[in-house]
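Notes follow the structure.
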Amino acid sequence: MGIKFAIIKEQKTPSDRRVVLTPSKLVEAQKQFPEATFKIESSDIRVFSDKEYTKAGFQVTHNVSDCDVMIGVKEVPLNYLIPNKKYFFFSHTIKKQPYNRKLLQTILQKNIELYDHETIVNEKGFRLIGFGRYAGIVGTYNGFRAWGLKYNVWNLPKAETIHDQKALINQLQNLNIPNIKILLTGNGKVANGSQEILDAIPIKKVSVNDYLNQTFNEPVYSKIDVLDYNKRKDGKLIDMLDFFNNPQDYESNFMRFAKVTDYYIAGHFYGNGAPKFFTKDDVKSSGFNIKVVADISCDVNNGPISTTLRTSTIADPFYGYDPETESETDFKNNSAIAIMAVDNLPCELPKDASEGFGDMFLQHVLPAFFNGDKDGVLARAKMTENGKLTERFAYLQDYVDALV
């Protein structure tokens, strides 16, 4: 007997227009797995309309309770969770986020098998699917938008009003970008998405040495990784693995970049215990030159980027950081550093983000249902089973047991 999959309606507020599987991706999935059934829960907000799914040959309905596997993007509100089903969505519980404790408790009470998109990893623990690339693309665009508004030199439309990535790049290619230095930290999907945009404009990429020591008569960027902006306290040069295993032996070496950077794009992954990039005192120093920060990584609450005071929203993406008072101000003020810290950037490019995510989901997740999960993808990703946390996620027990 075939498995019944449901593409569920996004019920979280503010609404999210993304979807895991687009109509064309579902057509591919159906060809690959003819024994599967795919149903679409009707939605008036999804970036692909009900009509597009119907046209592709799929049943659109208001009731998907007969399906086995529910596939969504964002957290499902508690009253919409159907008992005894399998669910895929971003639950935002694996770091013990207090605001979603009740969600995980309810999932266990309702005997739901939860697979969080973040927990879908290969044998080495690397994530197989995610929206990171699109966060990088939109975040970088938003940083240029902030620059234009801060200095009153251009007025880019909001990314969410632009049709797709190609149109977004067209907007940037029309700008007359001054001879600024742009710094990009990171080496994963986010940073690579950001680099895609910089290369498409195109902005010249330069080596770390040239970036730090030369002046240019055109805008340039440098992409740096952890050993560029951290150094061992004892001065030894070891490898990246040493940094990840012994972050306490390192201190930040970021200020040499902050002295020459105009626009900084934070696209890195930040591990617990790693040095902060720069402190509030560093920002006060006369050598600190950064004027716009696109903090795509968006680690708030004492995160590594001290100018990021809070997350911002798609509706109101920018705020200013005043180095002297260490507080928020208007980003257009002369003394202010403009901060972009939107934490749901891919929502602004829902069509492209959905298509990219669907590619990964079809490649890595759906086959596991039909090949006996031979690569262990589902086994590793499963957070809950039979009303209990699985062994891999047993560390969440104290989080679940705490009273709301």
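The values are calculated or read from the model by the stated rules, or taken from the named source; none is laboratory data. Keep in mind that what you see is a predicted model, and the values were worked out from it rather than measured. All Cβ positions, glycine included, derive from the backbone under ideal geometry; neighbour counts span all protein chains shown.
Inside the range 370-386, residues that are within 15 Å of Arg101 (Cα to Cα) and not hydrophobic (A, V, I, L, M, F, W, C) make up a count of 1.
Candidates Glu41, Glu10, Glu75: the one that is in the same structural domain as Ile107 (by TED's automatic domain parsing), surrounded by 16 or more Cβ atoms within 10 Å (Cβ to Cβ) and over 22 Å from Leu345 (Cβ atoms) is Glu41. Please list, ordered by first then second residue, the pairs with beta carbon atoms under 6 Å, 6 or more apart or interchain, first in the range 54-75 and within 19 Å of Ala368 (Cα to Cα), second buried (at least 17 other Cβ atoms within 10 Å of the Cβ) and hydroxyl-bearing (Ser, Thr, Tyr). Pairs found: Met70/Tyr87.
Being closer than 21 Å to Thr13 by Cα, out of contact with any strand residue (DSSP E or B) (no Cβ under 9 Å at 6 or more places or on another chain) and either modelled with pLDDT of 95 or more or surrounded by 14 or more Cβ atoms within 10 Å (Cβ to Cβ) (or both) is true of Tyr80. Report every pair of residues separated by at least 6 positions or lying on different chains whose Cβ atoms are under 6 Å apart, first residue within the range 29-49 and within 13 Å of Asp66 (Cα to Cα), second at pLDDT 95 or above and basic (Lys, Arg). Once the first residue is within 13 Å of Asp66 (Cα to Cα) and sits in the range 29-49, its partners that are at pLDDT 95 or above and basic (Lys, Arg) give Thr37/Lys4; Glu41/Lys9.
What's the number of the only condition in (1) of a type in the set (Gly, Ala, Ser); (2) crowded, with 16+ Cβ neighbours inside 10 Å; (3) without any contact (Cβ under 8 Å) to a residue 24 or more places away in the chain; (4) within 30 Å of Ser24 (Cβ to Cβ) that Gly320 fails to meet? Looking at each condition in turn, Gly320 falls short on (4).
Of everything listed in (1) without any contact (Cβ under 8 Å) to a residue 12 or more places away in the chain; (2) in contact with a strand residue (DSSP E or B) (Cβ under 9 Å, 6 or more places away or on another chain), the single unmet condition for Lys276 is (1). Only helices (runs of 4 or more DSSP H) whose full extent lies in the range 139-247 are considered here, and the ones with at least 2 residues that are crowded, with 16+ Cβ neighbours inside 10 Å are 165-173, 189-200, 208-213, 226-229.
Residues that are part of a loop (DSSP other than H, G, I, E, B) and either within 24 Å of Lys74 (Cβ to Cβ) or without any contact (Cβ under 8 Å) to a residue 24 or more places away in the chain (or both) within the range 123-138 comprise Lys124, Gly125, Phe126, Leu128, Ile129, Gly130, Phe131, listed in sequence order.
Of the residues in the range 212-226, at least one is closer than 24 Å to Gly320 by Cβ and either in contact (Cβ under 8 Å) with a residue 60 or more places away in the chain or touching a strand residue (DSSP E or B) at 6+ places or on another chain (Cβ under 6 Å) (or both). Would you be able to tell me the number of residues in the range 385-404 that are surrounded by fewer than 18 Cβ atoms within 10 Å (Cβ to Cβ) and outside any helix (DSSP H, G or I)? Residues meeting the conditions: 7.
Somewhere in the range 183-196, is a residue within 20 Å of Tyr151 (Cβ to Cβ), at pLDDT 95 or above and β-branched (Val, Ile, Thr)? No; the residues of the range 183-196 include none that is within 20 Å of Tyr151 (Cβ to Cβ), at pLDDT 95 or above and β-branched (Val, Ile, Thr).
With the condition kept exactly as written, say whether any residue in the range 343-353 is of a type outside the set (Phe, Trp, Tyr), over 30 Å from Val69 (Cα atoms) and assigned by TED's automatic domain parsing to the domain that holds Leu168. Scanning the range 343-353, I find no residue that is of a type outside the set (Phe, Trp, Tyr), over 30 Å from Val69 (Cα atoms) and assigned by TED's automatic domain parsing to the domain that holds Leu168, so the answer is no.
Just for the range 254-287: of the residues that are of a type in the set (S, T, N, Q) and surrounded by fewer than 16 Cβ atoms within 10 Å (Cβ to Cβ), which one is modelled with the lowest pLDDT? Once the filter is applied, the top-ranked residue is Asn272.
Quick check on Val153: is it in the same structural domain as Gln363 (by TED's automatic domain parsing) and among the β-branched types (Val, Ile, Thr)? Against the criterion (in the same structural domain as Gln363 (by TED's automatic domain parsing) and among the β-branched types (Val, Ile, Thr)), Val153 does not qualify. Restricting the first member to the range 235-250 and to residues that are free of Cβ contacts under 8 Å to residues at least 24 places away in the same chain, and the second to residues that are assigned to a loop (DSSP other than H, G, I, E, B), the beta-carbon pairs closer than 7 Å and six or more apart or on different chains are Asp249/Lys233. Reported count of residues in the range 340-372, each being free of Cβ contacts under 8 Å to residues at least 60 places away in the same chain and buried (at least 24 other Cβ atoms within 10 Å of the Cβ), is 1.
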